[in-house]
1. Looking at the range 1-50 only, could you name the residues that are in a helix (DSSP H, G or I), touching a helix residue (DSSP H, G or I) at 6+ places or on another chain (Cβ under 6 Å) and either among the hydroxyl-bearing types (S, T, Y) or modelled with pLDDT of 85 or more (or both)?
2. I'm checking my understanding of the structure. Among residues of the range 51-63 that are under 16 Å from E16 (Cβ atoms) and exposed (fewer than 10 other Cβ atoms within 10 Å of the Cβ), which one is modelled with the lowest pLDDT?
Amino acid sequence: AAGKDCDEYPFRSSAEGAARYQYEGAEFKDDFSVRYIDSKENQEAGARLGAWYHSDRILNWEAFTVAIGD
């Protein structure tokens with residue numbers, strides 16, 4: 001829809017989102033969730049996630065945990 005982006009969890013950039021099955025096998029084909037959200041908010045969240053990867057020097061395939069809270 002206009003003004004909306006498709007957000008997925010886990011993060012696409014962590015290789016655990018919708019494309020995970022390409023890295024780890026067919027059993028992960030539907031192991032993700034998606035939701036349409038406001039494009040501006042989604043783009044800001046993606047920029048903040050990228051900044052966090054950079055500031056904490058998280059490299060490709062390094063394990064990390066994200067705590068979600070209020």
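1. Y21
2. Only one residue fits best here, namely W61.
The values are calculated or read from the model by the stated rules, or taken from the named source; none is laboratory data. Source: prediction; values computed, not measured. In this analysis, Cβ positions are derived from the backbone assuming ideal geometry, glycine residues included, and neighbour counts consider all displayed protein chains.
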